[in-house]
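J.: Below is one structure. I have some questions about it.
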Amino acid sequence: MGEFKLGRMTLKSLFSKPATKLYPFEEPTYYQETKGHIVIDVDKCRYCGVCANLCPTNAIEVDRKAYTWTIDRFRCIQCRNCVHVCTESALIMANEYAEPSTEHVREVFEISPEEREKREAAAAEKAAKAAKLKEEALAKKKAKAKEE
Amino acid sequence: MGQRTVIPFGPQHPVLPEPVHLDLVLEDERVVDAIPQIGFIHRGLEKLVEKRDYQRYVYVAERICGICSFGHSFGYSRAIEALMNIEVPERAQHLRIIWHELSRMHSHMLWLGLAADAFGFESLFMHTWRLRERILEIFERTAGGRVILSVCTPGGVFSDIENTELRAICDILATMRVEYDQICATFFEDSSVRSRLVGVGVLSQETAREFGTVGPFARASGLAIDGRMTDTDAYSKLVAFEPILSNDGDCYARCWCRAQEVRQSIDIINEMVDKIPQGEVRAEVKGNPAEGAEAFARMEQPRGEAFYYVKGNGTKYLERFRVRTPTAANIPGMVAAIRGCDLADVPNIILTIDPCISCTER
Amino acid sequence: MSPLEIINTPTSELLERASALKTYGMRFAQCHAQHAADNRFDLTYSFVEDATGRIVSLRLNIDPQESVPSVSEIFPCAFVFENEMHDLYGVHVTGISIDFQGGFYHVHYPQPMAQAPAQPAAKAKSAASEN
């Protein structure tokens, strides 16, 4: 029949399985590059805040004092900008899509206790050193003033 | 003298992919005049350039439109590179063109499905979109997203595609070509399709030139306008590039031009993959655009020529970003093509323009 | 990319130069408005030569209250962009072939792009000028 040109394609689709996937009952195909959701290795994070400053949608919040890194999953547009700018390579784009939810999802990642101890100790040491240097400088200044 | 009535068309209409409003002035069943109106999805994206620095703005630029998404990020990156005199590595130029031509293919297939659906040819619509899925899978495999790729940036691209992957893409396109030829044969040789499209909405070459139309709309009327002919970047490395022209200027010619462009894109991608060099894919971009520096860029998107203008002011925020999209240039031509046709042909004519109103309004 | 060709044009010569470009064979690409120094507007009319990819632009520097003649007599497709300039920036363009008189773009408040730039840009600019 001259007019039934889609005949071959129609017959093929009659006998093959559908081209669509019954998501969410079937797992979607994730590829290596698929943009799913952001995952942080929180012990590597320096809490510098660059990812938060440069996020186009302000989805990330970084609290330096409390050592927490928060992401608003609903604001994240999976642009991978934070992954590109992180100097510590602490952020990666995981492949699984973010879960749908009926509540506003803001995930807070807190640093592990061991790492927190280490950092607080290092910070305390640094503060002590700075205080010592300041004292020495002050003492030097006093001695110099006395001489004159 | 028939009676004149005014019928509103849109913004909500089953055949329109995006909201555009037309006031059709009818005399009996003939359209005498059409008055367009847009602005239903104006998002003020040009003003957003004051709040996102020039490197982050590329994520906004690619969200101007869902169908021509990569084209906008490509055009914006080009404009910034012209503004700041950044040299893009050759491999990045080739990769960008591969993604852009894939984007052109998926846009034309999407459009072909919509045009078929407008006639009621739903099975062709489904088959075309099933074929288009393979391109979206290629996007997801190489860049991570199906529609919004987030891969182009001023200075190059973020991810590389391995040469083995490129070969695999060429193989996929070769198998797609066979099915695509079947679909095109069905569409273009069908007698009912021909009777609805041939001789409808004719735009002569003179009128098309007068109204400043661009893209396949202009090429179907015989105007040899294609941004890829005069490109100074990697498109100039093609051995030969001839724009696809037709002299009829009716709806059938516009459909035919777009269908042929998909085949041309497959050839371009094959050529780019053969010629791709090894090397870096991104150049570091440091500093801010100079105060008072300006740049223009032109980009041949699936719907026509997109025109970009950027101006810097010494800070990391741009002073002005302007994008003039192809559908904005085609609206006057569309109005001219609608004049004199029957009311029943109006949806066909509008669809053969391939309107992308979200680009037009930003 | 073709070299930048921006020709500063007084408002009175706009129509004459646009006609000359049309006779030369150029196609009207777009026109847009932007903020310029001293609370003035810069209007840019861009034209493209399709055979070579050359872009030529005419630049007008106007006061926001000044009237500009429409080029839609010469280039019918300009009405889209001139209506847009009027709706978003408040530029007075006289004689547009299809004048929507403010009804082309449905915006929430009038002349949105004419508003002052957002805070971060202005702050960064003043900081940069102080350094």
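J.: Tell me which of these B:Thr315 doesn't satisfy, since it passes every other one: (1) at the interface with another protein chain (Cβ under 10 Å from one of its Cβ atoms); (2) touching a Ser or Thr at 6+ places or on another chain (Cβ under 7 Å).
T.: Of everything listed in (1) at the interface with another protein chain (Cβ under 10 Å from one of its Cβ atoms); (2) touching a Ser or Thr at 6+ places or on another chain (Cβ under 7 Å), B:Thr315 misses just condition (2).
J.: If I go through segment A:16-35 residue by residue, how many of them are touching a residue at least 60 places away in the same chain (Cβ under 8 Å) and either more than 10 Å from chain B (Cβ to nearest Cβ) or under 18 Å from B:Arg130 (Cα atoms) (or both)?
T.: 1
J.: Same structure, new question: Looking at B:Arg130, B:Arg177, B:Arg194, B:Arg209, which is the one that is basic (Lys, Arg), under 26 Å from A:Pro28 (Cβ atoms) and at pLDDT 85 or above?
T.: Of B:Arg130, B:Arg177, B:Arg194, B:Arg209, the one residue that is basic (Lys, Arg), under 26 Å from A:Pro28 (Cβ atoms) and at pLDDT 85 or above is B:Arg130.
J.: Among the residues in segment B:81-92, are any assigned to a helix (DSSP H, G or I) and within 18 Å of the chain's Cα centre (by Cα)?
T.: No, every residue in segment B:81-92 fails to be assigned to a helix (DSSP H, G or I) and within 18 Å of the chain's Cα centre (by Cα).
J.: Going by the structure shown, is B:Ile268 surrounded by 14 or more Cβ atoms within 10 Å (Cβ to Cβ), under 24 Å from B:Val151 (Cα atoms) and either under 23 Å from the mean Cα position of the chain (by Cα) or without any contact (Cβ under 8 Å) to a residue 40 or more places away in the chain (or both)?
T.: Answer is yes for this residue.
J.: OK, next. Restrict the check to segment B:153-165 and report whether at least one residue is buried (at least 18 other Cβ atoms within 10 Å of the Cβ), assigned to a loop (DSSP other than H, G, I, E, B) and in contact with a strand residue (DSSP E or B) (Cβ under 9 Å, 6 or more places away or on another chain). Walk me through how you get there before you give the answer.
T.: Of segment B:153-165, the ones buried (at least 18 other Cβ atoms within 10 Å of the Cβ) are B:153-158, B:161.
Okay, now just the ones that are also assigned to a loop (DSSP other than H, G, I, E, B), so B:154-155, B:158, B:161.
Now restrict to residues that are in contact with a strand residue (DSSP E or B) (Cβ under 9 Å, 6 or more places away or on another chain): B:155, B:158.
Among the residues of segment B:153-165, at least one is buried (at least 18 other Cβ atoms within 10 Å of the Cβ), assigned to a loop (DSSP other than H, G, I, E, B) and in contact with a strand residue (DSSP E or B) (Cβ under 9 Å, 6 or more places away or on another chain), which makes the answer yes.
J.: Follow-up. Tell me, which strands (runs of 3 or more DSSP E) wholly within segment B:1-61 include 1 or more residues that are within 26 Å of C:Gln34 (Cβ to Cβ) and without any contact (Cβ under 8 Å) to a residue 24 or more places away in the chain? Give the steps one after another, and end with the answer.
T.: Working: elements: B:4-9, B:21-27, B:30-37.
In segment B:1-61, B:30-37 are the strands (runs of 3 or more DSSP E) which contain 1 or more residues that are within 26 Å of C:Gln34 (Cβ to Cβ) and without any contact (Cβ under 8 Å) to a residue 24 or more places away in the chain.
J.: Now, a different point. Return the residues of segment C:1-37 that are in contact with a Lys or Arg (Cβ under 8 Å, 6 or more places away or on another chain), more than 10 Å from chain B (Cβ to nearest Cβ) and of a type in the set (Val, Ile, Thr); say none if nothing qualifies.
T.: C:Ile7, C:Thr9
J.: Looking at segment C:88-111, which of its residues are within 8 Å of chain B (Cβ to nearest Cβ) and modelled with pLDDT of 75 or more?
T.: C:Ile98, C:Phe100, C:Gly103, C:Phe104, C:Tyr105
J.: Being touching a Ser or Thr at 6+ places or on another chain (Cβ under 8 Å) and part of a helix (DSSP H, G or I) is the filter here; which residues of segment B:256-287 pass it?
T.: B:Trp256, B:Cys257
J.: Go through segment C:1-59 and count every residue that is farther than 20 Å from C:Phe81 by Cβ, crowded, with 16+ Cβ neighbours inside 10 Å and not small (Gly, Ala, Ser).
T.: 1
J.: Which of the residues belonging to segment B:139-162 are aliphatic (A, V, I, L, M) and facing chain A (nearest Cβ under 10 Å)?
T.: Once the filter is applied, which keeps residues that are aliphatic (A, V, I, L, M) and facing chain A (nearest Cβ under 10 Å), segment B:139-162 yields B:Ala143, B:Ile148, B:Leu149, B:Val151, B:Ile161.
J.: Please give the number of the condition A:Arg80 fails out of (1) in contact with a helix residue (DSSP H, G or I) (Cβ under 8 Å, 6 or more places away or on another chain); (2) crowded, with 17+ Cβ neighbours inside 10 Å.
T.: (1)
J.: Inside segment B:163-180, can you point out the residues that are within 11 Å of chain A (Cβ to nearest Cβ) and free of Cβ contacts under 8 Å to residues at least 12 places away in the same chain?
T.: B:Val178
J.: Give me the helices (runs of 4 or more DSSP H) completely within segment B:170-255, filtered to those with at least 2 residues that are surrounded by fewer than 18 Cβ atoms within 10 Å (Cβ to Cβ), ordered by residue number.
T.: So the answer is B:191-197, B:205-210.
The values are calculated or read from the model by the stated rules, or taken from the named source; none is laboratory data. Worth saying up front: this structure is predicted, and the values here are computed from it rather than measured. Please note: Cβ atoms are built from the backbone with ideal geometry, for glycine as well, and neighbour counts cover all protein chains shown.
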